[in-house]
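Structure first, commentary second.
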Amino acid sequence: MTKASKTKEYQVHPLILGEAQVGSVLDIFWSLTKNVAPVKVPVLAFLIEGGSEPILVDTGMRSADRAMNIHKLGPHSIGEDNTLAAQLARFGYKPEDIKTVLITHLHYDHAGGCEDLPNARIIVQRSELAAAAAPVGPRGLEIGNRELFYDREDIAALVNPLWERVELIEGDVTPFPGIDCILYPDTHTPGSQCIYVNTPDGVVGIVGDIVRKVQLNVGQGIPPGLYYDLEQMLRAMRDIGQRSDLVFPTHDPMVLEEDPEKRLAALRPEKPWP
Ligand SMILES: [Zn+2]
């Protein structure tokens, strides 16, 4: 396995775009856990600084109400300080300053803010857009419904009016030196990708929702609850563990932990793999 190309070093900052209440069963595959407690998790995106332009990974959710009403999920919220504009302002940027957004996958909590970025090209895997446009959810599912966590307004916006700015990629690409997009087909979604970023702390893997808890999913190799193909998921856990010095899941509060020792202990994958 190769590390992200070492030509450049960046900083990766989490942006807090809201909060969601979900079941902890999502942390373990087939929900094979006795821990079924609901947990509050952040909805994060990531800002990458240090290159020729600020780069955004993911864009949060369109609306908390839609998450609850359409996907039939638990309480969601987006505070005043949790808009994309407010979170970018923490680092001195406006939405129009973002020229590139890399989308890990198109679920409602990752692709809801694309229309708020008037100048960004939107880089996403072709297989992910295709799957999101024609999701495989059975009608009447108690949670998720036929849309299976894709918001049709997000997907409609990408197809038109944002289409001219959508850049579809197929497989692994390096959009900037030191930043790699790696496709993991049929894992959390059909076209989920991880963004590996070279930083002074090593390679940071921005993994979308392929990983929920780093030591559980990557360290122990026990995949999280939602996936399409278990073998692909196991392969992804191993590959993410091998490529990453630090793993940043979208919904793990430990990404925001201020004590650096605790943060590193939670996010630096133990590597049991040969
Ligand atoms: Zn998510």
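Each reported figure results from applying straightforward, stated rules to the coordinates on display, with no laboratory input. If you're wondering where the values come from, they're calculated on a predicted model, not measured in any experiment. All Cβ positions, even for glycine, are placed from backbone atoms using ideal geometry, and neighbour counts span all protein chains on display.
Quick rundown of the values:
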read-out: Entries in LYS40/LYS94; LYS34/LYS262; LYS99/LYS262; LYS8/LYS40; LYS8/LYS262 that, when Cα-Cα distance is taken, lie over 32 Å; value: LYS99/LYS262; LYS8/LYS40
read-out: Inter-label distance, nm, simple model (7 Å from Cα along the C-beta direction), ASP65/LYS8; value: 4.1
read-out: The range 1-108: C-alpha gyration tensor shape, a/c 1.5 cut-off, then a/b vs b/c; value: oblate
read-out: Separation in nanometres of the label points that stand 7 Å from Cα toward Cβ, at LYS40 and ASP81; value: 1.3
read-out: Gain in span if fully extended, ARG126 to GLU164, counting 0.36 nm per residue against the direct Cα distance; value: 12.2 nm
read-out: Test item: Cα-centred dipole of the range 103-230, Lys/Arg +1 and Asp/Glu -1 on Cβ, debye; value: 180
read-out: Cleavage-rule hits (trypsin sites (Lys or Arg not before Pro)) in the range 4-87: DSSP loop, at most 10 neighbouring Cβ within 10 angstrom; value: LYS34
read-out: Cα-centre dipole for the chain with unit charges at Cβ (Lys and Arg positive, Asp and Glu negative), debye to 20; value: 500
read-out: Part-to-part distance (alpha-carbon centres) for the range 182-221 and the range 136-171, which is given in Å; value: 21
read-out: Cβ-based charge dipole, the chain, positive-most Cα from HIS110, GLN242, ALA134; value: GLN242
read-out: Histogram of C-alpha separations across the range 79-181, 5 Å bin width, %; value: 2, 12, 20, 21, 19, 14, 8, 3, 1, 0
read-out: Whole-number D in µm²/s for the range 123-274 (Stokes-Einstein; Kirkwood sum over Cα pairs; 10 °C, 1.306 mPa s); value: 97
read-out: Computed lengthening from GLU153 to LYS271, 0.36 nm per intervening residue step minus Cα-Cα distance; value: 38.5 nm
read-out: Low-density loop positions, trypsin sites (Lys or Arg not before Pro), the range 142-183 - DSSP coil, at most 16 other Cβ in 10 Å; value: ARG146
read-out: Hz values of 3J(HN,Hα) by residue in the range 138-144 - Karplus curve (6.51, -1.76, 1.60), Gly and Pro given as x; value: x, 4, x, 3, 5, 10, x
read-out: Given the chain, longest segment not containing exposed loop GluC sites (Glu not before Pro) (DSSP; at most 11 other Cβ within 10 Å); value: 1-141
read-out: Over the chain: helical MRE at 222 nm, DSSP H runs n ≥ 4 each giving -39500 (n - 2.57), nearest 500; value: -5000 deg cm²/dmol
read-out: Taking the C-alpha atoms of the chain, convex hull volume expressed per residue in Å³; value: 122
